[in-house]
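Peer 1: Pasting a structure here, questions to come.
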Amino acid sequence: MEYNSLSLIPPLLAIILAIVSKDVVLSLLTGLFAGHFIIDGFNPASAFISLFDGIVGLFSEGWITKTLLFALLVGSIIRLIVDSGGVAGFVDYLTRKKNLIQSKRGALLLAYVIGLIIFIESSITSLVAGTVARPLTDRFGASRQKLAYVCDSTSAPVSSLLAFNGWGALLIVLITEQVESGVITGLPTSLFIQSIPFNFYAIISLVLVLFVILTDWNIGPMKQFESLSGQHNSSHQGTHQKSYKPQSNNSIDKQINDLTSANTAISSPWKMILPLLVVIATIPIALYLSGKGDMLQGSGSTAVFYAVISSLIFTFVYYMITKTMTKKAFYNSFYQGIGDMLPIVLILILALAIGKITNQLGTGQYLASVTEGFLTPALLPAVTFILAAIIAFSTGTSWGTFSIMMPIAIGLGATSPDTNIPLIIGAVVSGGIFGDHASPISDTTIISSLAAKCDHIEHVTTQLPYALLGAASSIALFVVFGLLL
């Protein structure tokens, strides 16, 4: 059955509600119900039952269950390395190396390097980078606004490029859903890897922030704060830097407290480094084994699932041998970490469900038929980037944006043999990161302000010119590659 314009209602409803309510879960649920309502002949009772039966049915597919378990268990690893003092020990270790930093550039480079190293989770990246580098940037006259910009520009971009983490799991599962539904063909892991070079905004952000650090290039409002900061020595830093704390949720405050209150005197950085190394090292091995000798043929869901299982087993043995934690404390942190990830897993489940609905309704095919006269395959990547950016800016969430946009963009692109699917995936990810990066209500934006102890609005306004420059460059690249590929 062809649903034509009715097929646009579920995704449009989800997008509009997400922008208005800032509640991605409610928006996805509403769009999902609307889709079942249409498919089930406008019968609300039948749609209600179909909605939840469809969600339960997701767990019958092994790759989905593995991905969801990975998302839960990676939360446990993050919680364990924080509660064990591993993150605090890493911070303490770097702090004791302060004598190696002798300049403003060196202090900002330290924050940048930390952002590159810690890519397991974007919030941890910003928290550690800001906490370690702030005393040094204060000492050498770098503004906290500049530090917040460095922290923010290396969190989500790095996490999306070096995606041995929840970001990679989410993106691979969204791509897999389109492959399993028959919308596109190919290997999900391979398509994801091919899309990484097209994640233009993330790449440009990392290059741009490094250029800003090395050349001390200040544009827009950043000039004022850098000039003011340079006029004060470290003893006066606190008098002109506002320690403004934006309204935020309790989980962000708890992360700050957990990071700074651990007993660093008895902490070791290896309590954080080794569990993460096990995750990183196991993923390519699992891809090789599941692909029977070909990593690109391997299962992404299988690889990340067994990587996190291996890391948890290692961490338990390591923490027990070193008496880092008691069994009771280990299990408490383990369960708390699972609880921390429940909102993310809920978004994953709803994203998969709404992806199935848009495919059943033929949303991509209908959009292609309507826009074929003006939205050519060459322009689709740039338009995808812009739409994803608007949604992410309005909602403050890149993950929610990926969940809404990926099935629509891939479905639209799949209708033309001239469309490069990895380029479309890169456009969705880039747009989501830019919108999230520029949004004042984004968690990563708020956390970067808190970590740098910078006025939140000042961080948003000083970062925006750099973000817009990165976005404009990305759009230009998407137009160029859309024409070439």
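No value in this document is a laboratory result; all are computed from the given coordinates. All values reported here derive from a predicted model rather than from experimental measurement. Cβ sites come from the backbone with ideal geometry, for glycine too, and all protein chains shown count toward neighbours.
Peer 1: Are there any chymotrypsin sites (Phe, Trp or Tyr not before Pro) in segment 33-94 that are in a DSSP loop and have at most 12 other Cβ atoms within 10 Å? List them by number.
Peer 2: Passing sites in segment 33-94 are PHE42, PHE59.
Peer 1: Work the Kirkwood hydrodynamic radius out for the chain: mean of 1/r over every pair of different alpha-carbon atoms, inverted, in Å.
Peer 2: Computed over Cα pairs of the chain, the Kirkwood hydrodynamic radius comes out at 23.0 Å.
Peer 1: What chymotrypsin sites (Phe, Trp or Tyr not before Pro) does segment 371-400 have in DSSP loop regions with at most 10 other beta carbons within 10 Å?
Peer 2: Listed in order of number, the matching sites are PHE374.
Peer 1: Another one. Give the separation of the Cα centroids, segment 72-131 to segment 407-485, in Å.
Peer 2: For segment 72-131 versus segment 407-485, the Cα centre distance is 24 Å.
Peer 1: Tell me which aspartates and glutamates have Cα within less than 18 Å of LYS271's Cα, excluding those fewer than 8 residues away on the same chain?
Peer 2: ASP83, ASP92, GLU121, ASP258
Peer 1: Which FRET efficiency, nearest 0.05, do VAL479 and VAL25 yield, Cβ-Cβ r, R0 35 Å?
Peer 2: 0.55
Peer 1: Let me ask another. Could you work out [θ]222 nm for the chain from helices alone, using -39500 (n - 2.57) per DSSP H run of at least four and dividing by all its residues? Round to the nearest 500 deg cm²/dmol.
Peer 2: -24500 deg cm²/dmol
Peer 1: With the Cα gyration tensor of segment 338-467 giving a ≥ b ≥ c as the square roots of its eigenvalues, does the rule (a/c under 1.5 for rounded; else a/b larger than b/c for prolate; else oblate) give rounded, prolate or oblate?
Peer 2: oblate
Peer 1: May I ask which of LYS66/LYS323; LYS22/LYS223; LYS66/LYS356 have a Cα-Cα span longer than 24 Å here?
Peer 2: Table pairs above 24 Å Cα-Cα are LYS66/LYS323; LYS22/LYS223.
Peer 1: Provide ILE204, ILE441, ILE457 in ascending order of the number of other Cβ atoms located within 10 Å of each residue's Cβ, fewest first.
Peer 2: Least to most surrounded, the residues fall as ILE457, ILE441, ILE204.
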